[in-house]
Amino acid sequence: MRVVVTLARLIAATTPVLIGCSYALRLDAPEGPLWGPGAVVGAVFPAVGAFLLAHRPRLWAGWLIWGGGVVIAAYEVLRQIAYWLHAGGHEQAAATVGWSYAWLGQFGMYQLLGVLFLYPDGRLPSPRWRPLQVAAAWLPLLPALYVALAPRPVGPGSAPNPYAWDVLEPLSPLADALRRSGWLIPVACGGIALALRYRNASQDMRRQILWVAYPGSLLAVTELVVPDTPPFRALQAVVLLALPVAVAVGFMRYRLGDIDLILNRTVVYGLLVSLIGVVYFGLSGLAMLLGQNDDGRAKVAGLIGAFTAGALFHPLRSRLQRAVDRILRVERNPYRLADRLSRTVQEAPGPSEALGTAVATVRETLRVPGAAVEVTREDGESRVYADGDLGERPYVVPLVWQGEPVGWMLVARPETLRHGIDENLLGTLAVHLADVAHAVRLTADLQRSRERILATREEERRRLRRDLHDGLGPTLASLAMSLDAARITLARDPERVDPLLAELRERMAATIGEVRELVYGLRPPALDDLGLVAAIDSIAEGACDRVDVRFDGDAADLPAAVEVAAYRIVQEALTNIRRHAQATTALVRLSRTDDLHVMVADSGVGLPDPVRAGVGLTSMRERAAELGGSFSITSRPGGGTIVTARLPLSTTGGLDDHAPGRPAGGPDDRTVSLP
């Protein structure tokens, strides 16, 4: 296959040289039409086909483009040679060569039209299209045979056809109609195939189809509507140059987004030129009619028309641009874009779905190859919501919610004629996406907290079962056996009973200690014996040189779950101070309002960078989340650490009862003075 592709590339490189040489021969024989569209097709299409085959050797559409272009190149070379021979007086040779290119040209055009069935993915729309494709492939055989055998003149000198069949003369009307209009059949079928693909295609495939539909429609206009004059033939040549490039872009999927901008600008400026032209020529014609062919008034009318057209240019362009943007669903106003994003988010069933839909909306609206949002969690892990391909060096915008980083927005660089995206627009999108990312983060944290709470509860149950079954149960059974042994010994040898009873007493004391440990694991006894404040005072000893414990408000009648959570959070915070902080002073302050606010501050070395959530921090955060509260740990200005937690006092209290940006501690916890 590599050898065949190499040969195809060599032939593609040769065709422009052969066409150029054939045109050089015609410089000495200017009789007849010199330029033809076949020169452009024969020079460009084989090169495009060879380029596609170099990247995708088994692409049938690439072989059709290459083969059709080579046949058209041969047609153009033979046509120029025939005119050169005719100018030199070699009529028989000119007739033979003219007969060759007459029927050969029929095949090249149909080969190129066959690409429509395979575009843009190199496959048919469905297997049901195969018979139609085969019929279209055989369709050029009939006009080619007729041109080769028709009893009519051939070549530039209108010499008799040397291979004519007179029996074909009655078929001339039908054959001429098929020869002139037969190409409309594969064009119509291919157009239907592309329309069906477009209706069910993705956004990228639709752009692939538009890349070919745009120059193809211009080519049809130049062929069917535009008059046959040199300027318009030059325009047709430009369109023919653009068509294979568009085909290659579609197949290789390179910078597909450019078609949106090209179509947009073409429609806007096409309508603008038409309207300005109508205004200018309308005013000029009206003034000339009123002036009755007065040259002076005609010049004034021309100036008036020019000034009017110039004055209308900008407002017309702005209004046309807005109208076309609305039709093509292009949004340039950041506020409207933000509104569309908000409405999209509100219609989603949940935060995760909302973020995924929002990312897709951002990509579609900005018309970029890809967009993504990376949501970072407090434990350092992240989750990415992506749509499309980000490519190399995407735009990276931080997502910040209430001063807290929650992730990143990544937007691919446009594969269009635009060189960038407005930073203000990206900033507006980042604000709205930060809200959604924060909601996703809260939902994920809540789900993890629920899972950990369930796991902790099951683990606690398993521990209690193990301690009761493996520890307290056998101990009680052993005590019962010891009592039986003492009772039997008392009947036989009363003097040996006293040591047995003493041992039994020691074992009962140990059992009582195990029971106390089990009870302490469920709820610290100090809370019931001393109260919350005194219990915290008892565990604060030894954390550092000086620890002050304060309680603002009424400490009585606190819910049991709140007391245990506050005690455990303070206990873990003091343990961290003892192990890691190297602090000399610490402050424990509890404040009761609608919630219980817990704050533990120290004068130690502060938090490490980066902060990694260990078992202790996770345990404190989960205890607060279990009650619907919040937890945070920050560095203290001037050195040290501040641990804050908010614990709702009622079962209905939760995050929704408080301002979004309110810290976990009390209102005055931002500045803490240590003793």
With respect to ASP493, is the statement that it is surrounded by 10 or more Cβ atoms within 10 Å (Cβ to Cβ) and among the acidic types (Asp, Glu) true?
no
Residue in the stretch 102-120 that is farthest from the chain's Cα centre (by Cα), counting only those that are modelled with pLDDT of 75 or more and either of a type in the set (D, E, K, R) or assigned to a loop (DSSP other than H, G, I, E, B) (or both):
TYR119
Which ones in the stretch 51-69 are surrounded by fewer than 24 Cβ atoms within 10 Å (Cβ to Cβ) and within 12 Å of ARG9 (Cβ to Cβ)?
PHE51, LEU52, LEU53, ALA54, HIS55, PRO57
If ASP498 satisfies every condition in (1) charged (D, E, K, R); (2) within 30 Å of SER352 (Cβ to Cβ); (3) loosely packed, with under 14 Cβ neighbours inside 10 Å but one, which is the exception?
(2)
In this structure, is ILE539 in contact (Cβ under 8 Å) with a residue 60 or more places away in the chain, under 30 Å from ALA455 (Cα atoms) and part of a helix (DSSP H, G or I)?
no
Go through (1) surrounded by 12 or more Cβ atoms within 10 Å (Cβ to Cβ); (2) closer than 30 Å to GLU503 by Cα; (3) not polar (S, T, N, Q) one by one and return the number of the condition GLU404 breaks.
(2)
When the residues of the stretch 16-64 are filtered to those that are of a type in the set (Gly, Ala, Ser), assigned to a helix (DSSP H, G or I) and farther than 21 Å from THR6 by Cβ, which remaining residue is modelled with the lowest pLDDT?
GLY38
Those residues that are surrounded by fewer than 14 Cβ atoms within 10 Å (Cβ to Cβ) and modelled with pLDDT of 80 or more, I need them from the stretch 513-532; list them, please.
ASP528, ASP529
Kindly list the number of the only condition in (1) surrounded by 15 or more Cβ atoms within 10 Å (Cβ to Cβ); (2) modelled with pLDDT of 80 or more that fails for PRO140.
(2)
Considering only the stretch 142-179, state which residues are farther than 20 Å from TYR75 by Cα, in contact with a Phe, Trp or Tyr (Cβ under 8 Å, 6 or more places away or on another chain) and not in a helix (DSSP H, G or I).
PRO151
Of these, LEU454, LEU518, LEU468, which one is free of Cβ contacts under 8 Å to residues at least 24 places away in the same chain and not charged (D, E, K, R)?
LEU454
Check the stretch 158-176 and report whether any residue there is closer than 29 Å to ILE65 by Cβ and out of contact with any His (no Cβ under 8 Å at 6 or more places or on another chain).
yes
Whether any residue in the stretch 228-242 is of a type in the set (Ser, Thr, Tyr) and either modelled with pLDDT of 75 or more or surrounded by 14 or more Cβ atoms within 10 Å (Cβ to Cβ) (or both) is what I want to check.
no
Regarding the stretch 563-575, can at least one residue be identified that is over 18 Å from LEU617 (Cα atoms) and either outside any helix (DSSP H, G or I) or not assigned by TED's automatic domain parsing to the domain that holds THR634 (or both)?
no
Identify all residues within the stretch 533-559 that are more than 24 Å from GLY606 (Cβ to Cβ), small (Gly, Ala, Ser) and at pLDDT 85 or above; write none if there are none.
ALA534, ALA535, SER538, GLY553
Where the second residue is of a type in the set (Val, Ile, Thr) and the first is closer than 9 Å to PRO46 by Cβ and lies in the stretch 1-25, which pairs have Cβ atoms under 8 Å and are six or more apart or on separate chains?
ILE11/VAL70; ALA12/VAL70; THR15/VAL70
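The values are calculated or read from the model by the stated rules, or taken from the named source; none is laboratory data. None of these values were measured; they are calculated from a predicted model. Cβ atoms come from the backbone with ideal geometry, glycine included; neighbour counts cover every protein chain shown.
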